[in-house]
Each structure stands twice: as structure tokens, then as C-alpha cells.
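The structure appears below as C-alpha cells.
No value in this document is a laboratory result; all are computed from the given coordinates. Keep in mind that this is a model prediction, so the values were computed, not measured. Ideal geometry is used to build each Cβ from the backbone, glycine not excepted, and the neighbour counts take in all protein chains shown.
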Amino acid sequence: MKESKVLVQNRKAFHEFFILETLECGIALLGPEVKSLLDGRGNLKESFVQIRGGEIFLVGAHISPYPHAHHDPVDPDRDRKLLMHKKEIERWQGKVREKGLTIVPLKIYMKPPKIKIEIALAKGKRLYDKREAIKKRELSRERSAESY
């Protein structure tokens, strides 16, 4: 089995949210969008996942237009449908209704021959949580530096 390759990653999600649960799902893309992602021309920074009418969409993700596309360019910020089973969508929709939970995209990667997206059920961090995480990270860096 071929190894997956990360195309776009949302590093800020781990700083802004507590990740409670992750799930891999498919994403409906057009040909030029796939080629653009393979070139690493995507961005998940301000994106989120929204459930509308029993379907799930990636909103706010930017995939730059592929420069060598032969037909009309696609809107780089359009909503993209995610491919999940209906029962999974209903289960996650129930969890999102809980106070303070949201769905965020973590990464888009290639799992040959398909492009997949990893989404997470997350709870927003407060400012003091972020500070605490930074302190822990710095302490572990100092300890690892001392051990060398």
C-alpha cells in the first residue's frame, strides 16, 4: 500500500482548539483543483466545516486556480462538499449541537489514488489554555536541550 502525502495542513487548528475526535472523509474536487493541491497551492487557515440540509461542506478553504487549466477558472473560495456516510453526518451534527463544539479541517492529503480530508470535532481553547500549552511546549524543549 502506498504512503499518504500531506498536501495542505491546518497547523493553527491545534493551537486554537482541543481536538476531541478525528475522521477521514472524501472531498469533491474538480480537476484543476486537484492539480493545484498537488502543487501545494491550498490554504485551510480560516476554513471550517458546516452541516447544511443533511450534507457536509468545507467552507472558507482557499485553493488557488491552476494556471494551466484549459477551461474557465473555478472560484478559489467556493464551498466544497465532503463525502461522508449519512449516519456519520447525523452523529457529528448531534455532537456539534453541544455547547462550544465545532468541526475544523486538519489536513488535506493524498491517499493514492484519492484525495482525502481529515476533519476534527473540536472545542475552542480559551486564552489561558493557549498560554498553558505554550508553557508546556517550552518546558519540554528546555528539558530535551538539557539532555543533549
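Using the rule -39500 (n - 2.57) for each DSSP H run of four or more residues, divided by the residues of the chain, the 222 nm mean residue ellipticity is -9500 deg cm²/dmol. Packing, as the average of other Cβ atoms within 10 Å across residues, places the peptides 112-118, 124-130 in the order 112-118, 124-130, highest first.
Here Glu3, Glu142 are placed in order of increasing Cβ neighbour count within 10 Å, fewest first, which gives Glu3, Glu142. What does the C-alpha gyration tensor say about the overall shape of segment 77-148? Classify as rounded when a/c is under 1.5, otherwise prolate if a/b is larger than b/c, or oblate. It is oblate, given that a/c is not under 1.5 and a/b is not larger than b/c.
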